[in-house]
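Read the structure below first, then the notes.
The values are calculated or read from the model by the stated rules, or taken from the named source; none is laboratory data. Given the structure is predicted, the values throughout are model-derived calculations rather than measurements. Reconstructed Cβ throughout: ideal geometry from the backbone, glycine too, with neighbour counts over all protein chains shown.
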Amino acid sequence: MAGRSVLPYNLLMVWLPLLLVAFVVSGVACARVCRDAVLGDRRGHGDGLTVREAAYLAGGPLRVVDLTLVCLHRSGLVLLAHTGWATVVDGAGGRDEVERAALGAIGPAGQARIGDVRELTAGAAGVRALGDGLVERGLALPEAERRVTAAGSRGVRGAFLMTLLLGAGAALLVPAGERGPVTAWFALPLLATGLCLLIARAGDPGHDCWASPAGRRLLAGLSARDPLTALARKGTGVLEPELRAAFRVHDRRHPA
């Protein structure tokens with residue numbers, strides 16, 4: 001009888017500390033994600049988005065530049081070659097500050113690599129003003145908050161993996177007959193962190209944390225039937241093969 005009474009207590013001392021660590025880690029990570037979601041949602045307001053605003057929310061400044069370059073190409077002001085070069089056809093064009101910045105980034109020679117043009121134009125005043133306006137409306141996350149949100153997402157992923165490892169370790173430390181209750185207890189923090197992972201990713205089109213929860217809802221309501229809207233939301237992967245190749249080449253060290 002004495003052996004029977006001591007055994008459960010010893011088993012408890014083996015896996016209970018691991019369970020407490022799992023609950024604390026998952027609780028902190030989940031609370032952080034939920035707090036960020038609630039705070040971001042309170043600030044958001046707005047009834048609609050332009051295509052360029054949608055591009056910023058879905059992919060940030062570089063997505064705005066991609067959209068701008070495609071518009072310039074289709075209007076005949078710039079030629080985007082499948083070799084990864086952009087060539088100015090009409091340098092006097094440009095309907096707004098962002099388009100003029102893209103034309104200026106190509107340079108006086110009238111030709112530049114698309115990758116270089118993207119980087120230069122992404123920091124232009126017009127692109128920054130677009131982002132600032134979306135931040136003021138609560139549809140985009142400020143730089144500091146984007147870092148916090150990204151850290152929160154990484155934290156909840158880490159908590160999920162840690163809980164999984166702690167649960168597996170605890171199950172191996174106890175006899176086979178005791179593993180059922182131990183596994184059931186660890187399933188609680190594992191389920192909580194799994195649900196928070198879904199919350200963190202819900203409605204995030206690019207997983208880049210540019211849009212606030214309110215911005216994500218507006219993005220989700222946009223139809224992808226229009227080619228430019230599809231480009232804004234999903235990136236250059238939706239383009240025709242020639243243009244798709246033009247944007248892919250800039251990632252290679254020695255473009256064709």
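With respect to the conditions (1) over 23 Å from the mean Cα position of the chain (by Cα); (2) without any contact (Cβ under 8 Å) to a residue 40 or more places away in the chain; (3) under 30 Å from GLY169 (Cβ atoms), GLN111 lacks only one, and its number is (3).
Hey, can you tell me all the residues within segment 126-176 that are within 30 Å of ARG95 (Cα to Cα) and of a type in the set (Val, Ile, Thr)?
Our first condition is that a residue be within 30 Å of ARG95 (Cα to Cα); within segment 126-176, this holds for 126-143.
Residues satisfying the conditions are VAL127, VAL135.
For segment 130-147, the set of residues classified as in a helix (DSSP H, G or I) and either more than 21 Å from the chain's Cα centre (by Cα) or charged (D, E, K, R) (or both) consists of ASP132, GLU136, GLU143, GLU145, ARG146, ARG147, listed by residue number.
All conditions in (1) modelled with pLDDT of 85 or more; (2) assigned to a loop (DSSP other than H, G, I, E, B) hold for LEU219, with the sole exception of (2).
Please indicate, with yes or no, whether at least one residue in segment 146-156 is in contact (Cβ under 8 Å) with a residue 40 or more places away in the chain, of a type in the set (S, T, N, Q) and over 27 Å from GLU242 (Cβ atoms).
Kept after step one, since they are in contact (Cβ under 8 Å) with a residue 40 or more places away in the chain, are these residues of segment 146-156: 146, 148-150, 152-153, 155-156.
So of that shortlist, the ones also of a type in the set (S, T, N, Q) come out as 149, 153.
Filter again for over 27 Å from GLU242 (Cβ atoms), leaving 149, 153.
Yes: segment 146-156 contains one or more residues that are in contact (Cβ under 8 Å) with a residue 40 or more places away in the chain, of a type in the set (S, T, N, Q) and over 27 Å from GLU242 (Cβ atoms).
Return yes or no: is LEU79 among the aliphatic types (A, V, I, L, M), under 25 Å from VAL238 (Cα atoms) and surrounded by fewer than 20 Cβ atoms within 10 Å (Cβ to Cβ)? Taking the combined requirement at face value, the residue satisfies it.
Selection within segment 211-251: residues that are hydrophobic (A, V, I, L, M, F, W, C) and more than 23 Å from GLY131 (Cβ to Cβ). The member of this set that is nearest to the chain's Cα centre (by Cα) is LEU239. Of the listed requirements (1) in a loop (DSSP other than H, G, I, E, B); (2) touching a strand residue (DSSP E or B) at 6+ places or on another chain (Cβ under 9 Å), LEU57 misses just one: (1). If we scan segment 95-105, do we find a residue that is assigned by TED's automatic domain parsing to the domain that holds ARG248, closer than 17 Å to GLY59 by Cα, within 27 Å of the chain's Cα centre (by Cα) and in contact (Cβ under 8 Å) with a residue 24 or more places away in the chain? The answer is yes, given that some residue of segment 95-105 is assigned by TED's automatic domain parsing to the domain that holds ARG248, closer than 17 Å to GLY59 by Cα, within 27 Å of the chain's Cα centre (by Cα) and in contact (Cβ under 8 Å) with a residue 24 or more places away in the chain. Looking only at segment 220-251, how many residues end up being crowded, with 16+ Cβ neighbours inside 10 Å, on the phi < 0 side of the Ramachandran plot and among the small types (Gly, Ala, Ser)? Selection size over segment 220-251: 4.
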